[in-house]
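First the structure, in the form of structure tokens, and then the observations on it.
The values are calculated or read from the model by the stated rules, or taken from the named source; none is laboratory data. Values in this document were obtained by computation on a predicted structure and should not be read as measured data. Here the Cβ positions follow ideal geometry from the backbone for every residue, glycine too, while neighbour counts run over all protein chains shown. To get the accessible areas, we keep the full protein, side chains included, count just its heavy atoms, and leave off ligands, DNA and RNA. Shrake-Rupley method; radii C 1.70, N 1.55, O 1.52, S 1.80 Å.
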Amino acid sequence: APSGPMDINTAIQEVLKQALIADGLARGVREAGKALDKRQALLCIMAENCDEPMYKKLITALCMEHGIPLIKVDSNMKLGEWAGLCKIDREGKARKVVKCSACVIRDWGKEGPANDVLQEYLKSQK
């Protein structure tokens with residue numbers, strides 16, 4: 001485990017992993033949109049480099065409307081990997097990563113220090 005405070009990207013990664021294990025992750029714009037619409041979302045994570053400006057507008061608007069915190073990460077490749085949309089090879093490297101422009105956490109799963117880092121980060125963004 002890294003010493004010192006966890007950075008936000010590590011926290012996002014960890015939180016996504018726990019949500020995935022708990023089956024509490026909606027991945028992709030369609031699933032994410034559905035979860036936001038049904039107000040099941042606890043947190044939305046969106047890739048800045050999503051190539052569909054309309055999707056970005058839609059997801060952002062849904063988050064605003066339902067008061068869902070939105071975190072932006074820089075890359076949809078990274079988000080795809082973090083959301084488990086990839087194969088992990090023997091060396092533990094991600095292969096065949098599927099890009100993911102948005103994902104929504106519906107269930108935190110097991111909560112740990114990563115959640116605290118995330119909550120603090122969200123407070124500081126307001």
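Odds and ends about this structure:
- Residue 44 meets each of the listed conditions (1) part of a strand (DSSP E or B); (2) surrounded by fewer than 19 Cβ atoms within 10 Å (Cβ to Cβ); (3) touching a helix residue (DSSP H, G or I) at 6+ places or on another chain (Cβ under 8 Å) apart from (2).
- Among the residues listed as 71, 59, the single one being assigned to a helix (DSSP H, G or I) and either at pLDDT below 95 or touching a strand residue (DSSP E or B) at 6+ places or on another chain (Cβ under 7 Å) (or both): 59
- Considering 83, 94, the condition of being closer than 20 Å to residue 121 by Cβ and small (Gly, Ala, Ser) is satisfied by 83 alone.
- Scanning the range 19-41 for residues that are assigned to a helix (DSSP H, G or I) and of a type in the set (Asp, Glu) yields 31, 37.
- Residue list for the range 2-26, filter: small (Gly, Ala, Ser) and either at positive phi or open to solvent by less than 10 Å² (accessible area, probe 1.4 Å) (or both): 4, 11, 19, 24, 26
- Single unsatisfied condition, residue 27 versus (1) among the basic types (Lys, Arg); (2) farther than 25 Å from residue 5 by Cα; (3) without any contact (Cβ under 8 Å) to a residue 60 or more places away in the chain: (3)
- Among the residues of the range 20-48, those identified as within 18 Å of residue 99 (Cα to Cα) and in contact with an Asp or Glu (Cβ under 9 Å, 6 or more places away or on another chain) are 25, 29, 47, 48.
Rundown of residues vs (1) open to solvent by less than 40 Å² (accessible area, probe 1.4 Å); (2) at negative phi, yes/no style:
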| position | (1), (2) |
| --- | --- |
| 28 | yes, no |
| 31 | no, yes |
| 52 | no, yes |
| 56 | no, yes |
| 62 | yes, yes |
| 93 | no, yes |
| 98 | no, yes |
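- Reported count of residues in the range 74-91, each being under 17 Å from residue 11 (Cβ atoms), in a helix (DSSP H, G or I) and open to solvent by 40 Å² or more (accessible area, probe 1.4 Å), is 2.
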